Amino acid sequence: MKNKVLLYTLILPVLLIYSFCAMAAPKDLLTRYNFTNITMNDGLLHNFIDDICKDKTGFLWISTMGGGLSRYDGYEFKHYNTTTWPVSLKSNFIRKSCEDNFNRLWIASEKGVDILNLSTQQLNYLAYSDKHLSSILNQPAYSVLKDSKGNIWLSTENSLYKIEFQQNGSIAEIHSLALKLSSSANPLVAFREINGEMWIGYNGNIYRALTNKAGQLILSVVSDKLRIGKTFILLYYSKKRMKYGLVLIMDYSDITNK
């Protein structure tokens, strides 16, 4: 019975986003895509999917909550978890993965960040002279994202990091911001680049994450009239690019207009 369970965590959000798009998009948009499903009978190690990342070669990297990370080529899976060799991850509870501009996959999990070299299929250990990079990568990580300039943004249990690189792929600088969470608060709810700026959902508000002249990360409120929660999906439509995008994950009951 367990093997017959479909990936509702994958399919339902996709269908929800698709239904939003269909309301305003041209009719022929509905005929452009085919939907299929993948189950544990096809080799998937876990039914709960937290994230899917597509690398530049076309592989899909599927983050599961309990089964580790799986690479899917459209036909079969290759798995990475705490017991696989030669690549052994820090945790089987993977939250998100992201490819940088240097053919490396950043893998965020409940026990930290692994960096997988996609060319060698080996874990990379980056060095940085000034910052405690090792302690950063060993913090529980919630999300990782590459911006349009090639910087990697990493949100952990209590901090936000912006990692800049040299042309050879080594780390040039790390900017950090301590997140002050109340006892009832959750980590960053949403994390996305909008018009060249990083927007985050944090403690019920929407902020821009900016770098000041001193090289420090600061938060600037987008609007004091908009508050967010956890579960409602908000979309934006770019007329210039003729495409939809996911902005924030929100709770409809928590949206207020002061």
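Just so it is clear, none of the values below were taken in a lab; they were calculated from the coordinates. Note that the structure is predicted; figures quoted are calculated from it, not measured. Quick reminder, even Gly has a Cβ in these numbers, built from the backbone with ideal geometry, and neighbours come from all protein chains shown.
Answer with yes or no whether Leu105 is over 28 Å from Asp42 (Cβ atoms), hydrophobic (A, V, I, L, M, F, W, C) and within 15 Å of the chain's Cα centre (by Cα). In short, no.
Entry remark, segment 151-174: residues being in a strand (DSSP E or B) and touching a residue at least 12 places away in the same chain (Cβ under 8 Å) number 15 in total.
Filtering segment 135-150 to residues that are part of a helix (DSSP H, G or I) and under 23 Å from Asp50 (Cα atoms) leaves Ile136, Leu137. Being in a helix (DSSP H, G or I), surrounded by 13 or more Cβ atoms within 10 Å (Cβ to Cβ) and free of Cβ contacts under 8 Å to residues at least 24 places away in the same chain is the filter here; which residues of segment 77-134 pass it? Correct list: empty.
Look at (1) in a loop (DSSP other than H, G, I, E, B); (2) in contact (Cβ under 8 Å) with a residue 12 or more places away in the chain and you find that Asp50 fails only one, number (1). Checked against the criterion of being surrounded by 16 or more Cβ atoms within 10 Å (Cβ to Cβ), over 28 Å from Phe102 (Cα atoms) and polar (S, T, N, Q), the candidates Asn47, Asn34 yield just one match: Asn47.
Of all residues in segment 73-94, those that are more than 23 Å from Ile171 (Cα to Cα), of a type outside the set (A, V, I, L, M) and in contact with an Asp or Glu (Cβ under 7 Å, 6 or more places away or on another chain) total 2.
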